[in-house]
Every structure is written in C-alpha cells, then in structure tokens.
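Q: Here's a structure for you.
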Number of protein chains: 2
Amino acid sequence: MMLQRPSADSSGPGFTPLVVVELASDTKEEAIAWLLSRIRDQQHNGGAELLVEQLGPGVEGQEKENPNMFVVGASWQRLLSGAEDVGLFKEFSDGSMRGFTCANKHNFKDFKGDGDDFLSMAECQYIIKHELDTLRAKDETHVPGYTQVKLYPGKSIIRRLQSKGILIQFFPLHEKEELKRLSFSWYKKMKLSFQPLDDIRHYYGEGQALYFGFLEYFTIALVPMALIGVPYYLFDWEDYDKYVVFAVFNLIWCTVILELWKRCSASLAYSWGTLSRKKAFEEPRPGFHGVLGFNPVTGREEPLYPNAKRQLRIYLVSLPFVLLCLYLSLYVMMIYFQMEGWALSVYDEEPTFWTGILLFIPSIIYAVVIEIMNLIYRYAAEFLTEWENHRLESSYQNHLVLKVLVFNFFNCFASLFYIAFVMQDMVLLRQSLATLLITSQILNQFMEAFLPYWLQRRRNKKMIHKVRKRRTLEDKELPLAEQVRLEAEMSTYLGTFDDYLELFLLFGYVSLFSCVYPLAAVLVVLNNVTEVYSDAFKMCHVFKRPFSDPAANIGVWQLAFEAMSVIAVVTNFALIGMSPQVKAYFPESETQLILWTVAIEHGLLAFKFILTFLIPDVPKHIQIKLAHLEFESLEALKKKRLVASWLSDHQRGCELQC
Amino acid sequence: MMLQRPSADSSGPGFTPLVVVELASDTKEEAIAWLLSRIRDQQHNGGAELLVEQLGPGVEGQEKENPNMFVVGASWQRLLSGAEDVGLFKEFSDGSMRGFTCANKHNFKDFKGDGDDFLSMAECQYIIKHELDTLRAKDETHVPGYTQVKLYPGKSIIRRLQSKGILIQFFPLHEKEELKRLSFSWYKKMKLSFQPLDDIRHYYGEGQALYFGFLEYFTIALVPMALIGVPYYLFDWEDYDKYVVFAVFNLIWCTVILELWKRCSASLAYSWGTLSRKKAFEEPRPGFHGVLGFNPVTGREEPLYPNAKRQLRIYLVSLPFVLLCLYLSLYVMMIYFQMEGWALSVYDEEPTFWTGILLFIPSIIYAVVIEIMNLIYRYAAEFLTEWENHRLESSYQNHLVLKVLVFNFFNCFASLFYIAFVMQDMVLLRQSLATLLITSQILNQFMEAFLPYWLQRRRNKKMIHKVRKRRTLEDKELPLAEQVRLEAEMSTYLGTFDDYLELFLLFGYVSLFSCVYPLAAVLVVLNNVTEVYSDAFKMCHVFKRPFSDPAANIGVWQLAFEAMSVIAVVTNFALIGMSPQVKAYFPESETQLILWTVAIEHGLLAFKFILTFLIPDVPKHIQIKLAHLEFESLEALKKKRLVASWLSDHQRGCELQC
C-alpha cells in the first residue's frame, strides 16, 4: 500500500484516509472537538496519536447530508508501532513468521524502509480500529456536552459513544484499484480455478479468507462423493436397498475431511501469521451494562454484572423460549405431514399431471416456511442473547451460535429424521430431501446476493446521477467525499455467521441423508460453486468493507461441524441397520441385527475419537517451525540472563576495587 | 532448608550434600577428573558451577565398596539462579504465584536473605538434577579415557555416561529429620485424617503429592457409593433385579467425580506453582540412538531416527505382539471357564463343604494368573517400547501406558464382560468380581509393600550391624558415608505408573460392575485406606528418594480414567437394558427395549460430553488470578515499549541538537 501518494483530489485530506468515523448529525460541537483532540493527542498523554480530518461536503452541499463524517489515517511510524501493539506476525528474513517489533523491523522480509508495501491496507485499518478501540477515558467523568453519557478512567471512549448512539458507525474504506484487481482474479474470469486466497486475505483479512478457504475445501471434498453419486443415481434409481455402501462411505468421509481441514486451516493460518498469535485481552462489548465495580483481572473500575443473574436469564428465559420454539417447529412439521397426506389422497383419487405437481407443493411450502421460521428465530435469538448481557463479544457469539444452531438443525432436519426413522419411508425421504435442498438453495441465493445487489445498484446509480448533474465525469470515478458517503450507505456485512450456517446445513444434508439421495452431493457442489461467485460478488460490491479479523481457525464452527459428523455416523448406522440388504443377513432375529449394529457403531465412534487424537491438528513441518521459534526465544532469554549475571558479577568486582 | 549448617560429621564435605552420583567402580581416573572439573567449572565456561566431593570410605574401608561415589551440592547464589533456569514458581508478596527471578527475589514472600528456607530440599535437588542434565559437551569428541564413548557439541554429558553404563545412578539424599516428621504426620499417628499433601509435596515434589491427592480424592468419592452399597448389599442380597438404581447412580458418579477432580487438581497445582509453569524443552532419552544429523528445532547436531522406521516397528511388530497377547489372554480365560464348569459339576455331584470351597478355586487361580500375566506383559511392553526407540521420555511413556492399559484392561475385565453379556449370569458375575477384587488386592499389597519392606529391613540391619562392629553408636544414627551407601543400595522408585495403574483397575471394577456387587465400593475404600499407609511407608522407608517432578496434573491418566468412564456408561446401560426390571416394561417386544436403551444411552453420552465442556477445568477464582498475571505482564510490556519509544524520540532529539 502506498501511503505517501500525493492526494490527487484537492478536497481530500493530506494523508491516505483509512477509516471513516460517522457521528450523529446533531452531535454537540464540544464533544466533537474533545474526541478529535483525544484521537490526535500523543500516546504518552493517553491519546491515540492518529491523523483525523473532517470530510468536505459532497456535491449536494449541506442539504440533507450528515456533516459529521471524519476520515482517520496515521503516519508510518504510528502504524508500525501499532502493528507491534496488536501483535502482528510478519514473515522474517529467514522465512519464519514472527511477531513484528519496531526494534527488529529491518530483519523482516518485505520491510524496505518506511512507506512501502510492508503493511497491507487491511492491516493498517485493523491497527487503526484497535487504536481507536483502546482509546480510553482518563479523568473525564462524562463526554463533554453530554452529562448523561458517563465515563470512568479506562473506559473505551469509542465503545461508550457507540453504545449511546453518538457514534453511528466506523468502517474501513474500500480501495477501488485493488478491489478491481481482486474481483477480476476472483470471480470475473470465466475459467474455473482456485480462489486467490492470499489476495482475499490481503484485502479482507484472515477471517474472510478462512471462510472462502473452507468453502473451497468443502466443495473439493464433495467432488468424489458427487462423482460416485451420479452413476449411483442413474443406475440404481429404483433400488432403494443399495445404499449401504454409500452410507459407509459417508461416515468415513465426514470424519476424515474435518480432520484434514484442521491441518489445512493450520497451514493457512501459519502462512498468514495468525496461528501462534496471542489473543489480546478482550474489552467488554459495547452493549454490556452493569453496576460500576472493580474488575478482578485488570483491577480497573468497570461495570460488573453478576454471573448468577445472567445464568438465571439463560436458564429461566432463554432455555424455555428455545424449547418452545422447538415445539412450534415440531407442530409446523406435523401440519406439513397432514398436507402431504392430503395431497397424496388427492393424487390417488385423480392421478393427472396437475395433481402430480400438487404432490410437490407441500414440501415446497414447508421449505419456504422453514426459511421464514429460521429468519424470525434468528432475530429472537439475537435479541435474547443481547438481553443476557454477556460481557465479552466471544461469549455473546458462542451463546448466539448455540441457540441458532440447535434450532436450525431441528427445524431443517426434524422432518427428515421423522420420515426416515418413524415413517421409514425411503421414497418420501428422497423426495423431501430433494425439495428441501433445492428450495432452500434458491431462496438463499436470492436473499443473500440478488436482493442486496439490486438495492445497492439502485443506490449507486442515484449517486452517480446526482454527481453527473453538477460535474462532468469522464471516468465515472467519484471524488473522495462522494465515495465515502456512498460507502457509508452500503449495507454492513454482519460477519461470516450466516455463511457458515448455510454451509453447516448443507453439510448436514449431505452427511446425514445423502446415501438415500446420491444427487444431494452434486446439488451441493453446484450450490457451492455459485456460492463462491455470489459471496465474492457481494463482498466486493454490495457491502461496506469489513474490518479484517485475525482468525487462526474457523472457531466454534469446527466444533459444530464435528458434532454434526458424530450425528452423521449414528444416523448412517441407523440407516444401514434398517436397510433390507443388512436385514437379510439376520433373517430370524431382529434383536441380533440391532445388537450387532449398535456394537459396530460404538466401535466406530470410539475409532473416530481415537483418530481425532492420532491425526495431529497441525502438520509436522509447521510444528517444527513453531518449536524452533520457541526454542530460539528460550535460548535468547537464557543468554540474556547469563549476560546479566556476568554483568552483575563484573559490577560487584568493580565495586570491590573502588 | 538450612544449607550453611556446620557439618557435624568431620568425614563429610564442606557443604550440604544434596545429590549422590555413583560412577562404575572401574571408571578411569582421567574420566573422573574431567567430569568433576566440568561440574565445578563456571557457567560462562560451559560448566555447571556446582560443588562436588568424593565420598570418604565407609567403615568397612576399601574392601568391596565402590570408591567412586560423589556428593553434589551448590552455593546459595547458584541454587537461586538455577531456580530461575528451571522456571520455578514461588509465592509472591501479593499472594499470587509467579516465576522466580533473581532480579526480583526480594519481592517473593518467603525470601528473607540468603540461606533461608526459601527453597525446599526437594527443589534444590531438582535444580541440581536439571543442571547436571543440561551440562553439555563443548568440543570434546569423546569422554577422556574412553574413545568409544562419543560426544558431540551440545550432547548432555550425564545422559551419555548413563547410557554407556559409566554413570550407574544419581539420586537425591533423604533428610532424616524431615522424613521422621513427615512419616509421623502421614501414617504413624493412629487417627484417620487427611494426608499432609503440602508436606508430601515439600519432600517429594508435585508428581508424588498429586498421586496421593488423587488417591485420597478417589477414596472420598467412593464413600457415598460404599454407604449406599452396604444396606443395599445387606437387604437385597438375593434380589438381582434391583440393580438399575445403582447402575444409574454409577454412571452419573463416574462422570461427575472425574470432572471435579480436574478442578481439584488445578487448585492444588496452582497453589504449588506448577499450573502455569511452562514445560522446558525435552532432551532426548538416555537410551535414544540414531545417526548424527541436525535437529530441525534446535539446529544442533544430535542423533536422529527416522519416524517412518519407528512407525514400522510400532505397526508391524508391537501392534501384532499386543494383539497376540490379547488372544493369549482370551485363551486363558476360556481355560478358566472350563475349570469353572468342571468345579461346578463336581459340586453338583457331591455338594459338601469342601466341594463348596472348590467352587472358588478356579476364580482364585485365574486371579493369580491374571496378575502374573500382567507382570510378564509389563516387562515385554517395556522392552518393546524401548526398542521402538522414542526420542522423548514423554512419547516413550505414552506408548508404554497405552500398551499396558489396553492389555491390563482386557486381561482383568474380559472375563467379567463375557460373564455379564454372553453368559448373562449375574450370580457368577458377582462371585467372579468378588474373588478377582479380593485376590488381586491381597497380592498387590504383598508385592508392593511387604516384600520390599522385608528386603530393605534385612539390608538395614546388616549395615547397622556392620557399623556397630567397628564403632559404638549411641543414637543408632549412621555417619554420612554409611548413610549414602545404604541409600544407594535401596530399591529405586520407578515412578507412579504402577500405583496409577492399580487405581485405574480398581476404578474399573467399581464403575463397570459394582451395581451387581455393591460391596465392591466398600472393598475398594478399605483397599485405598491401607494403600495410603503402605504407599506412604514404602516411599519413606523402602525406596531411594525420587527426584521431584513438577507435574501440573495427573497427565495421561486423566485421559485413561475418562475413557474408562465412557466405557462405564455404555456397560451400565447394557446392564440396565438386560435387567428384568426394565424388561418388564416392554413385555411384548425386545426390539423396542433395545432401541429405547440405545437411544437413551446415546443421549446420555452426548450429555456427558456437553457436561465435560460446560464444567470449566480450572476454578473461576484461579482463572481470574492467572488472567490477572497475564494482564499485568502485558501491561508491563506495553509500558516498556512506550518508554523505549519515548527514549528513542528523545535520543533523536538530542542527535538533532548536536
């Protein structure tokens, strides 16, 4: 990233704008002045030592526009010391990844002086976010001009402003040129190829890149299944009994690919320098509230909320609510089965083409209802988790993920389990699976990519049109002020949650029931390929640029996928035990059959856990590199100690001589 | 520990002897001289900077005695710097546990100058062991006097001498006074009380103390089971159907106590300062051999052994051998059942008192055979694991534990599983369990405590007798030279392996099958109480003092016990499913019964895993303390950086002015 590039646009600031801070349009002047001075103040005075300027007015002038938009940047020295603060890992001259320190900066591989391509723009923006986040109140008791917005020493100013609605948003800016290059190599060229993960990481950070890496890995892992599935589907269509082989394949497949992904993810995270990076201390979430007290860890004054009270809210309100929702979902399922029965009876009475189509209608309606219920539940879950008042963002996320996962799993798969194990109707199972899968894919693609794209396109056109009215633009490029305002109006990307959730459900469809409907894998592969394109497109053109998130793995989702794979083993075994093929081996005694199935299943589950232990999560060569770094730092420490003891001996000698 | 105490014994060295090093009696003079000079040499010359002296001759003079016995000690400064090297954690003035550093020594709680009780004798001995272990060859190519004993720069001298048989042993010395105090408070007073864990840790180190802590915890955890078991046994003796309640209790019990132990162990380890202590880099085992190459982690020259070759040895030799042993064990079991059948037929023909006793004979013989097979297998497993040539002691231990556990589990429990699930004979199961449990307990106590005690007593008496012949001793206290030689001849304590293994098997008997024989818990409690006494006694009077081992938990055994608890859940569920009580609920369909049992069992296993996640392994208040320390060190780092950047700014300013 070139930072000292001359600003072509005369209305822009004297530095490269990295992050935009938007305050409410009615913010009092003294609060703004105070905030700016705190951001600009030197670090040893407790400031953030960043560069900040108010954005000039757009082409429309003062009318309707929010004047309180600020662009934030930083000097090179500041960014480097910030990189040390956030514990950034960079490639060292010997090829290993090490924590960046200013004292050592010349030993890092790509460091060629100041003002070069050493830090990517995403990294710079992450550093600025971190510095803004950790800008703390000193002895202010409240925000100037707002006596009701209380502060206490050590409180993050930005988070308080955010929770009180004074700070509307702060977001990093897109970089038009790089985005164009990225989108070309990512989804604009027509031939099928691997995604440019390093470029994605360079532009969006590690969290995003890991998601796209996982999406790609998952798709590739599905290809053998899809390849086996097609001939299987074509030649065995009416032979429902032959699914045993496929079920066995399924349960090995879902265990192995998750183990391999861990290694794959560790390799990626190592090469991106996030694998051995230590987590910083988490700040309380912006929405967290409580009575002022002393944090036992930091010793600072901050709001505390009794854990017992939170537990009560979780177990007395959230848990019953979730159970109620599960019951509702079950109720809807039962209505679906009634509709199904009704449609079947109509078809049986009068089997025409139209009543044949009618057979599919209940499934389609049910699929749509499932999506709608998931959506509504999602909002309820967010509200409840917010109300549980978790102190840390990570704990909030875990509780939210747990709530949403349980419900979505139940909502999507309950009917399939019911058909498979209570009704034991494999034909209906196949048909339901197909309808559910196809309908939810179509709905998802529409909601996720097309709708936001269409909205954004309208906004873009309006803005360009407005600008055209005043100036004549040859190259269609907007001036900074307009560009910032345009981006500020883009939708906010809410993180990878929904994307992972979708993959999780797809993984469920494939690993649980694909043995009875081998085309499922093919459908999911197709979906994933379009998903790559639509996700890439929406990241580049629909959403605000998100702050990068230095993730080392896919976090709680790894656990969720592994739980699903355990359920898949059990389900597949149950399907195997129910297959006529296997039943034929135990003609006289059903008890024998079940006992054998259960015994083998237990053995296999045990084997799966042993396998999880045996396959190391981090590939050998990376383990060696990490151990080497640790060894070096230990040796350095030992040397330092020896020198220190020698020095103190020496000193003592000198003292004796004097 | 008082170090500067005047040596009352004129024949002893001028310092407190801590560790004894015994070289082979025919060691060449130049090798001895070289070793002593390397031990005495200063640290910046690559020496260990320890004090070492040859032990004077015993009362018997030169005859038969090994003259090459050396006692090693150290100055106070050396011990303190060694404490820093090994990363010892001590209580800080604010009550938290922190890594000791010499620079900070006055801020530690018990530090009152030099030569006080700051370091326990066990800690001093551990430090000296560490310093001796890490005494490395410089440019020597071989040990002087032994051209065939090769050295290379960086090779641990002690380990090479040990593997070549020049160094026979090195061990820490007992401290008579403290031992007397400890043994009094531990097992000599008659009233039942908790063990003095802190004193045990003080004398033997954390590894030992954790074992005794676990033994105590396990015993206390068994008490409720024993209390329920007694009336159950007394009043329901002939009613085999009523074990369902007990089985349910069992499966909850074995899950909960293991989770709670983790927290308990974390509390102990925190208060002893081993919880957050970092593991040092492990040296290769003394017996490890290979072709010289470069270690990719340290970059040093050392023997390397290809991993593929080791894997081949494991999978092509060790694994088939273990399977063969399992088969043999199965074969022996079948012989036992034949004997059992024969005894039963004799009793049926002629039911007298003597043939009634004959009924128990096969079980007793089988129990003895099991113990013998376990013993033989143990040696074979050690030989094989040694032959697999593991580089690290920890990896050696893991492979050994795995081999021994699988065989012992199979050997001890196979017959019980066979009786329970194939023969479905609850009366025989009860009888076998009782016989196995009681016989193995008697054998164990005999082999473990009585035999070594008797041998040691003979040795002691002989030595005192010899000394008496020459001198007249009023207080029976031996002079140092004799004391050292006496201790050198004591058996070597081989670690907690066998003790944990015994507990593991007892845990198995209780958690797997105690529902059909409720007295098992009572028997195990009784056994554990005597075990405390016999173990304590053998630690104090039978074995050489072991080097302390700064363990933070019970390591691989936690895993082993958890695996056993999973097996226990499955077994108990199977027993429940087989009980007539439960069968009565499903009078018409056995299939229904099995399906329900399996479904509930799966749910319970899932719940067990969720519980393992939900209960934090470290109690909250310790988590907070650890987080507080980490926070402080981060803050200190940040401050240091700020000062550094301010200084460099300042310097730049000065340069500009010049």
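Q: Using only helices, what value at 222 nm comes out for chain B when you add -39,500 (n - 2.57) per DSSP H run of length 4 or more and divide by the total residues, to the nearest 500 deg cm²/dmol? Can you show the working numbers first?
A: Working: 22 runs with 392 residues, N = 658.
Estimated from H runs of four or more residues: -20000 deg cm²/dmol.
Q: Okay, moving on. Along Cα-to-Cβ, 7 Å out, sits the label point; list in nm, shortest first, how far the one on A:Ile610 is from those in the other copies.
A: From this label point to the equivalent ones elsewhere in the assembly: 2.9 nm.
Q: Find every distance from the label point of B:Glu177 to the corresponding label point in the other copies (7 Å from Cα along Cα→Cβ) and write them in nm, one decimal, shortest first.
A: Result, one decimal in nm: 8.0.
Q: From other protein chains only, count the Cβ atoms within 10 Å of every residue's Cβ in A:45-52, then give the mean. Before the final figure, lay out the partial values.
A: Working: counts 0, 0, 0, 0, 0, 0, 0, 0.
What the average comes to for A:45-52 is 0.
Q: Which of the three applies to the protein assembly as shown, rounded, prolate or oblate, going by the alpha-carbon gyration tensor with a ≥ b ≥ c and a/c under 1.5 meaning rounded?
A: Oblate, since a/c reaches 1.5 and b/c is not below a/b.
Q: For B:76-82, what's the mean count of beta carbons from other chains sitting within 10 Å of each residue's beta carbon?
A: So the per-residue partner count for this stretch is 1.
Q: Can you list residues whose amide H is under 5 Å from A:Ser491's amide H, if they're 5+ apart or on another chain and H is modeled 1.01 Å from N?
A: A:Lys544
Q: Same structure, new question: Which ³J(HN,Hα) values in Hz, rounded to whole numbers, follow from the phi angles of region B:197-203 under the Karplus curve 6.51 cos²θ - 1.76 cosθ + 1.60, where θ = phi - 60° and Gly and Pro get x?
A: 4, 5, 5, 4, 4, 5, 8
Q: Which whole number gives the average count of other chain Cβ atoms within 10 Å of the Cβ atoms across peptide B:581-591? Each step should come with its number before you reach the end.
A: On the way: counts 0, 0, 0, 0, 0, 0, 0, 0, 2, 5, 5.
Counting Cβ atoms of other protein chains within 10 Å of each residue's Cβ and averaging gives 1.
Q: Which ³J(HN,Hα) values in Hz, rounded to whole numbers, follow from the phi angles of region B:296-306 under the Karplus curve 6.51 cos²θ - 1.76 cosθ + 1.60, where θ = phi - 60° and Gly and Pro get x?
A: For region B:296-306, the Karplus-derived couplings read x, 7, 8, x, 8, 6, 7, x, 10, 10, x Hz, x marking Gly and Pro.
Q: Need one number: % antiparallel among DSSP beta bridges in chain A, to the nearest 5.
A: Details: 25 of 26 bridges.
If I count the DSSP bridges inside chain A, around 95 percent turn out antiparallel.
Q: Mind listing the phi-derived Karplus ³J(HN,Hα) values for region A:418-429, rounded to whole Hz, using 6.51, -1.76 and 1.60 with θ = phi - 60°, and x for any glycine or proline?
A: Per-residue couplings from phi come out as 4, 5, 6, 9, 8, 7, 6, 10, 5, 5, 5, 4 Hz.
Q: For A:Leu51, list long-range residues whose amide hydrogen, built 1.01 Å from N in the peptide plane, is under 5 Å from its own amide hydrogen.
A: Under 5 Å from the amide H of A:Leu51 lie the amide H atoms of A:Gly73, A:Ala74, A:Ser75, each far enough along the sequence or on another chain.
Q: How many nanometers, to one decimal and shortest first, lie between the label point of B:Asp199 and those of its other copies, if labels sit 7 Å from Cα toward Cβ?
A: 7.3
Q: Take the alpha carbon gyration tensor of region B:87-188, find the square roots of its eigenvalues, order them as a ≥ b ≥ c, and report rounded if a/c is under 1.5; if not, report prolate when a/b exceeds b/c, else oblate. Walk me through the numbers before you get to the answer.
A: Details: a/c = 3.71, a/b = 1.64, b/c = 2.26.
Taking the square roots of the gyration eigenvalues as a ≥ b ≥ c, region B:87-188 is oblate.
Q: Once you have a ≥ b ≥ c as the square roots of the Cα gyration tensor eigenvalues for region B:497-624, tell me rounded if a/c is under 1.5, and otherwise prolate or oblate according to whether a/b is larger than b/c. Kindly include the intermediate steps, with their values, before the conclusion.
A: Numbers: a/c = 3.50, a/b = 1.72, b/c = 2.04.
Note, shape of region B:497-624 comes out oblate.
Q: Note down the nm distance, to one decimal, between modelled labels 7 Å out along Cα→Cβ at B:Arg181 and at A:Glu590.
A: About 7.3 nm, to one decimal.
Q: When only Cα pairs under 8 Å and 6 or more residues apart are kept, what is the percent relative contact order across chain B?
A: On the way: 751 pairs, mean separation 123.4, N = 658.
Reported as a whole number, the value is 19 percent.
Q: What's the ranking of B:381-392, B:315-326 by average number of surrounding C-beta atoms within 10 Å, highest first? List each step's numbers first, then the result.
A: On the way: B:381-392: 17.4, B:315-326: 13.9.
Ranked by mean Cβ neighbours within 10 Å, highest first: B:381-392, B:315-326.
Q: For region B:302-433, calculate the relative contact order in percent as a whole number, restricting contacts to Cα pairs under 8 Å that are 6 or more residues apart. Write out the running numbers ahead of the final one.
A: Values: 65 pairs, mean separation 39.0, N = 132.
Answer for region B:302-433 is 30 percent.
Q: Pull up all non-local amide H partners of A:His142: gap of 5 or more, or a different chain, and H-to-H distance under 5 Å with H placed in the peptide plane.
A: A:Leu151
Here, each number is a calculation from the coordinates, and none is a lab measurement. It should be emphasised that the depicted structure is a prediction, and the values quoted were computed from it without experimental measurement. Here Cβ is always computed from backbone atoms with ideal geometry, including for glycine, and neighbour counts include all displayed protein chains.
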